[in-house]
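Working notes, beginning with the structure itself.
The values are calculated or read from the model by the stated rules, or taken from the named source; none is laboratory data. Computed from a predicted structure; not experimentally measured. Virtual Cβ from ideal backbone geometry, glycine too; neighbours counted across all protein chains shown. Each accessible area value is taken on the protein alone, full model and side chains, heavy atoms only, with ligands, DNA and RNA left out. Shrake-Rupley method; radii C 1.70, N 1.55, O 1.52, S 1.80 Å.
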Amino acid sequence: MRKILGLLVLATLVFTSCGDDDDSPDYTLKDKSEIIGNHQGKLKITVNLMNAPTKTMETDVRFQKTTTNDNQLNLFTNELGGPIIASDFKKSKDYDFYTFNLANIAKSVFIGNEIPDFYHEWYSIYDISKIELIGLTLDSRAKYVRASNTMSFTYKGMVYIYQKVDGIDKKVSDSNITLEYYDLKK
C-alpha cells in the first residue's frame with residue numbers, strides 16, 4: 001500500500017511539473033513608444049561596382065502607428081519610401097534591446113530629381129532617367145539598443161539603372177546593393 005501511495009504522489013508531482021511548460025515568458029514588446037517617432041543617423045550604401053566607393057551619409061527615418069494593427073508600425077525613409085511594415089517586436093530576455101522584422105520591398109522607383117546624386121556619380125557613363133530598387137530583403141532582424149537609444153537595420157537587393165532610349169526608359173545596368181542604416185537615434 002505504501003508503494004502504491006508513493007507512486008501516486010510521484011505521478012502527481014511529475015504531472016504537475018509538466019504543466020509549468022505552458023508558463024514560458026512572453027517577450028512580445030507591447031509598448032513601442034521608444035521606437036515610434038523620427039530618428040536621425042547614418043546610412044551606408046554599397047553597390048558592387050569597381051569604381052563605386054561606399055557612400056555614407058546622414059539620414060532620417062520615421063516610425064508611426066498603423067491605423068489597422070497595434071502590433072505593427074509603418075516605417076518611412078527617403079531612400080526606400082514607405083510605408084514599410086515593421087512587425088514581430090520582441091524584447092530581449094534582459095530587456096536590454098528590442099528586435100523586429102521589416103517587410104521585404106518588391107520595388108521602389110525614383111525618377112528625375114528624386115534620384116540621389118551619388119547614383120549619377122557611380123553610373124556616370126549613363127544619362128540616368130530612373131532607378132529601381134528591386135527585391136530588397138532585411139539582412140537580419142532590426143535592432144533597437146536601449147542603453148544607447150540607437151537602432152540599426154540592413155536591406156540587401158538589386159538596383160536597376162535606366163536611361164531614355166528613343167523616349168523609353170531602358171535598363172542599362174544592374175548591381176547588388178546594400179543599404180545599412182545605423183546609429184539611428186531620436
In order through region 112-119: 3J(HN,Hα) via Karplus (6.51 cos²θ - 1.76 cosθ + 1.60), integer Hz, x for Gly, Pro: x, 5, 6, 6, x, 4, 5, 5
I need the P(r) histogram for the chain: all alpha carbon pairs, bin width 5 Å from 0 out to the longest distance, whole percents. 1, 7, 13, 16, 14, 10, 8, 7, 5, 4, 3, 3, 2, 2, 2, 1, 1, 0, 0, 0
Cβ-derived FRET efficiency at R0 22 Å, ARG141 paired with THR178, nearest 0.05: 0.85
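Quick one: compute a quarter of the convex hull surface over the Cα atoms of region 32-125 and quote it in nm².
Values: hull surface 32.7 nm².
Result: 8.2 nm².
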So what's the angle, to the nearest 10 degrees on a 0 to 90 scale, between helix 2-18 and the longest Cα principal axis of the chain? 20
First select every other residue whose beta carbon is under 14 angstrom from the beta carbon of LEU49; then total the charges, Lys and Arg +1, Asp and Glu -1. -1
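Compute the FRET efficiency between LYS185 and GLU114 as 1/(1 + (r/R0)^6), taking r as their Cβ-Cβ distance and R0 = 22 Å, and round to the nearest 0.05.
With R0 = 22 Å, the Cβ-Cβ based efficiency is 0.25.
Given the Cα-Cα distance of GLN40 and ILE168 and 0.36 nm per residue of separation, how much length would full extension add, in nm?
Working: separation 128, 0.36 × 128 = 46.08 nm, distance 3.71 nm.
Taking GLN40 through ILE168 to full extension adds about 42.4 nm, to one decimal.
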Averaged per residue, what accessible area in Å² does region 43-183 show with a 1.4 Å probe, protein chains only? 54
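In the neighborhood of ASN69, defined by Cβ-to-Cβ distances under 12 Å, what is the net charge if each Lys or Arg adds +1 and each Asp or Glu adds -1? Numbers along the way, then the final one.
Details: positive: LYS32, LYS65; negative: ASP70, ASP88.
Result for the neighbourhood of ASN69: 0.
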Toward the positive end of the charge dipole of the chain, about the Cα centre and with charges on Cβ (Lys, Arg +1; Asp, Glu -1), which of SER175, ILE45, PHE153 goes farthest? PHE153
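Could you tell me the calculated FRET efficiency between SER92 and ASP70, based on Cβ-Cβ distance and R0 = 25 angstrom, to the nearest 0.05? Intermediate results must be reported in sequence, preceding the final value.
Details: r = 21 Å, r/R0 = 0.85.
With R0 = 25 Å, the Cβ-Cβ based efficiency is 0.75.
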Just to verify a number: what accessible area does THR77 come out at with the full protein assembly present, 1.4 Å probe, Å² rounded to tens? 10
Taking a label point 7 Å from the Cα of ASN48 along Cα-to-Cβ, the residues of region 129-146 whose backbone nitrogen sits under 15 Å from it are 134-137
Would you kindly derive the ³J(HN,Hα) couplings of region 49-65 from the backbone phi angles with the Karplus curve 6.51 cos²θ - 1.76 cosθ + 1.60 (θ = phi - 60°), listing them in order in whole Hz, with x for Gly and Pro? 10, 5, 9, 9, x, 5, 9, 10, 8, 6, 8, 10, 10, 9, 10, 9, 5
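Run the accessible area of the chain with a 1.4 Å probe and give the carbon-and-sulfur part as a rounded percent. Working shown, then result.
On the way: 5850 of 11320 Å².
The C+S portion of the solvent-accessible surface of the chain is 52 percent.
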Which cross-chain or sequence-distant (5 or more) residues have an amide H under 5 Å from the amide H of ILE177, H modelled 1.01 Å from N in plane? GLY157, MET158, VAL159
Give the lysines reachable from LYS156 as a straight Cα distance under 24 Å; neighbours fewer than 8 places away on the same chain don't count. LYS42, LYS44, LYS55, LYS90, LYS107, LYS130, LYS143, LYS170, LYS171, LYS185
